[in-house]
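Quick one: this structure, given as structure tokens, is what I'll be asking you about.
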Amino acid sequence: MNVLLLVGMAVLALLAVALVAFFGVRQRAQRRTRLDVNRELYQQRQQELKQEYADGLLSEKAFQAALRELDKRFVNENAELEQLEEHAIGRGIWLPAVFIVIFAAVGYALFGSWEQQRFADQARQQLPELAQQVLNNQQAAPTEEELKLFALGLRQRLQQDGGDGLTWMLYARATTALQRYEQALEAYGHAYQLEPERPGILLGYAQLLINLGGAEQLQRAARLLSELLALEPRNIDALSLTGAVAYQRGDWQQAVEAWRLLSRVMSADDPRYVAVQEALADARAQLEATQQQLRVRVELADALRAQLPEDATLFVFVKAVDGAPMPAAVVRQPVNDFPVEVVLSDAQAMLPDYKMSQLNQWLVEARISTDDRIEIAAGDLGAEAKIVTPAPDAEVTLTISLQLTPN
């Protein structure tokens, strides 16, 4: 805060104290004058009543009543005078108070704007130095105050000449560091429009979108990284982020491919190498889990062949052993003869976020429905459920041998 602003604030405070004291003293003097006049009138009338009583003009009863009425009037008039004085004091101070407020607002506008201008001048002066610091990612990272100066200087420059892709990219980096993400997204958008093939813009834009983490942002980030890899196929940062985006989207195959290529182009002594290998192993495990499938052979007991309904529907499904009753995968098909073979995998999942590959064990069931619904109804036939350990090519045989009854 500059010295002039401090001096102005001190002057305003002194002025306020002086005005309050002045009007207070003046109103107290006026109040004493009016009370004195009222008291003199009271005493004069009191003497007149006493003289009238002495002269026999008033009886004892009338004299006492007149005195009481005089006392009552004196008290009421004094109270009214005090109320009038309080209102007068308020009116007297109101105008100077408005003057002080207006003066303070004007002073702040003048000196506050001056302070902002000084900050803006400082931002322009330090812009080249701060730009080098941000561009080169020096060990001595800029402080928050320096970033604010840098962002302000860049914004002024962009307002003056519209800027180029590099300037918009720098502004986007600064606002990202300051967690002003809406401004950063807008800045990266301008930068990308001006220079769509600049690697720094593509990479920074994608990183910001990934950090925001929404489905649309991840999709947009994947496209930007694809464009970057088309320009620089061995870009380590682009490969790393491509794998991360694919992993978040559940695209295990792409994550494996990106991180496998990254491990090839990255030096083994790179401090990030171990983390990449761990991420690659995790993605491979996820991919192998999605490639697991279960081959189920369904047979029909001879004793129930005569009870097989016409236009029967066969349901074969996998559930969690101890968990939700909702099937993780299900196959539904018409059946007229047995045995029948079906294959279950994540491809038959009923929900995108609940799949066979997420289960440690599979509870496998088969059911013949008479009404084309998986819920048990009268006349349905079923098999004894079996538990299967997940494996890439697991197999199990179920025999329809039970007559089911609804709960």
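Rule-based calculations on the coordinates, nothing more; no lab input. Here the structure is a predicted model, which means the values were calculated and not measured. Quick reminder, even Gly has a Cβ in these numbers, built from the backbone with ideal geometry, and neighbours come from all protein chains shown.
Pull up all non-local amide H partners of E395: gap of 5 or more, or a different chain, and H-to-H distance under 5 Å with H placed in the peptide plane.
R295
Using only the alpha carbons of region 293-403, determine the length spanned along each of the three principal axes and report them from longest to shortest in whole angstroms.
Largest to smallest, the principal-axis extents are 39, 23, 22 Å.
Work out, step by step, the length gained on full extension between Q160 and I376: first 0.36 nm times the residue separation, then minus their alpha carbon distance; give nm to one decimal.
Value of the extension gain: 70.4 nm.
If each residue's Cβ is checked for other Cβ atoms within 10 Å, how do F315, F150 rank with the fewest at the top? Each step should come with its number before you reach the end.
Working: F315 23, F150 26.
With the fewest neighbours first, F315, F150 line up as F315, F150.
Note down the net charge around F317, summing +1 for each Lys or Arg and -1 for each Asp or Glu among other residues with Cβ under 10 Å from its Cβ.
+2
What is region 293-403's relative contact order, in percent, from Cα pairs under 8 angstrom and six or more apart in sequence?
Working: 263 pairs, mean separation 38.9, N = 111.
Dividing the mean separation by the residue count of region 293-403 yields 35 percent.
Just rank M326, M266, M169, fewest to most, by other beta-carbon atoms within 10 angstrom.
Going from least to most buried by this count: M326, M266, M169.
Then there is this: Among residues other than Q207 whose Cβ falls under 11 Å from its Cβ, what is the net charge (Lys/Arg +1, Asp/Glu -1)?
Residues near Q207 contribute 0 overall.
Once you order the gyration tensor axes a ≥ b ≥ c over the Cα atoms, which shape class does region 163-254 get: rounded for a/c under 1.5, otherwise prolate or oblate by comparing a/b with b/c?
Values: a/c = 2.26, a/b = 1.40, b/c = 1.62.
Oblate.
Okay, next question. In region 178-208, whose amide N lies under 19 Å from the spot 7 Å out along Cα-to-Cβ of R249? List them in ranges.
202-208
Okay, moving on. Which order do peptides 397-407, 229-239 fall in by mean Cβ count within 10 Å, highest first?
Values: 397-407: 14.4, 229-239: 16.3.
The most tightly packed comes first, giving 229-239, 397-407.
Give the order of V396, V256, V276 when sorted by the count of other beta carbons within 10 angstrom, beginning with the fewest.
Fewest-to-most Cβ neighbours within 10 Å comes out as V396, V276, V256.
For D346, what is the net charge nearby, where nearby means another residue's Cβ is under 12 Å from its Cβ and Lys, Arg count +1, Asp, Glu -1?
-1
For R260 and S401, FRET efficiency with R0 = 35 Å and r from the beta-carbon atoms, rounded to 0.05?
0.15
Show me 179-188, 291-300, 332-341 ranked by packing, highest mean number of other Cβ atoms within 10 Å first.
291-300, 179-188, 332-341
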